[in-house]
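Below is one structure, written out as structure tokens, with a few remarks after it.
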Amino acid sequence: MIKKIILSSGTIVATLALTSGMALASSISNTGKGSVNSIGTNNINLCTGVNNNNSVLNTVTGQQAKSGNAKVTNNTAGGSATSGTVANQNTTGLAVTVANSSACGNFVPTVVGDDSSISATGNKSVNVISSTNVASVTAVNNNNTWVNTVTLQGAQSGDATVSGNTGSGDALSGNVLNTNGTTVILNVTND
């Protein structure tokens, strides 16, 4: 009994686009009676794309304003006392854009055709031709974005005092204004 085993395999690992086909050819012939003949073709196409993105936005704004004191004291005739105006303003604009394009976006697996043949084998021979094509695409996107905005504002108007005068006078304390505006724009795109 003559036994002949031939294994032909083609393995293709792809990380970018492959567009052409491939043909593998193996042949077995004239093996005789009771022979075992086998041809196997394995084609594996793999593409793995991994994107890791970490974005940290951290803003801290501290503002303090105070107007001075205005006093009219110990005069024969009273006068006016006016404290100054106090204002705090804050505007913060933050923008983050994360765009991930998968390395496998244009991935086209290569298909292997099998032109193998087994011929002229003897009586009671076992003849097997097998062909396997496998394609696998894995995309992993890890996007972590942290946003922290802290705004501390303080404003104090000064004292306006009219005292110890023979005549009376006016006293006016200034205005206080705090304004804050925060804009956060996050764009995360995974293809």
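Filter region 94-107 down to the residues that are farther than 19 Å from ASN54 by Cβ and surrounded by 15 or more Cβ atoms within 10 Å (Cβ to Cβ), then identify the one that is farthest from the chain's Cα centre (by Cα). It would help to see each step written out before you state the result.
Step one: list which residues in region 94-107 are farther than 19 Å from ASN54 by Cβ, which gives 103-107.
From the residues that got through so far, the ones that are surrounded by 15 or more Cβ atoms within 10 Å (Cβ to Cβ) too are 103-104, 107.
Details: ALA103: 14, CYS104: 16, PHE107: 21 Å.
Applying the filter and picking the extreme gives PHE107.
With exposed (fewer than 14 other Cβ atoms within 10 Å of the Cβ) and either touching a Lys or Arg at 6+ places or on another chain (Cβ under 9 Å) or modelled with pLDDT of 90 or more (or both) as the only criterion, which of VAL126, VAL86 stands out?
On the way: VAL86 fails: exposed (fewer than 14 other Cβ atoms within 10 Å of the Cβ).
Step by step, each of VAL126, VAL86 is checked, and only VAL126 is exposed (fewer than 14 other Cβ atoms within 10 Å of the Cβ) and either touching a Lys or Arg at 6+ places or on another chain (Cβ under 9 Å) or modelled with pLDDT of 90 or more (or both).
ASP114 versus (1) surrounded by 16 or more Cβ atoms within 10 Å (Cβ to Cβ); (2) within 22 Å of ASN187 (Cα to Cα): which is the lone unmet condition?
Unmet for ASP114, out of (1) surrounded by 16 or more Cβ atoms within 10 Å (Cβ to Cβ); (2) within 22 Å of ASN187 (Cα to Cα): (2).
Quick one: which strands (runs of 3 or more DSSP E) sit completely within region 72-132 and have at least 3 residues that are in contact with a strand residue (DSSP E or B) (Cβ under 8 Å, 6 or more places away or on another chain), farther than 30 Å from SER157 by Cβ and not acidic (Asp, Glu)? Let's see the steps before the verdict.
On the way: elements: 86-100, 112-114, 117-121.
Here the list reads 86-100, 117-121.
Every residue, every condition in (1) surrounded by 14 or more Cβ atoms within 10 Å (Cβ to Cβ); (2) at pLDDT 85 or above, yes or no:
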site: ALA14; (1), (2): yes, no
site: VAL36; (1), (2): yes, yes
site: GLY40; (1), (2): yes, yes
site: ASN58; (1), (2): no, yes
site: GLY62; (1), (2): no, yes
site: THR92; (1), (2): yes, yes
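Can you confirm whether THR48 is polar (S, T, N, Q), touching a residue at least 40 places away in the same chain (Cβ under 8 Å), assigned to a strand (DSSP E or B) and more than 30 Å from THR182 (Cβ to Cβ)? Reasoning before the result, please.
Numbers: polar (S, T, N, Q): yes; touching a residue at least 40 places away in the same chain (Cβ under 8 Å): yes; assigned to a strand (DSSP E or B): yes; more than 30 Å from THR182 (Cβ to Cβ): yes.
Taking the combined requirement at face value, the residue satisfies it.
The values are calculated or read from the model by the stated rules, or taken from the named source; none is laboratory data. Everything numeric here is computed off the predicted structure, so don't read it as measured data. Heads up, the Cβs are rebuilt from the backbone with ideal geometry, glycines too, and the neighbour counts pull from every protein chain shown.
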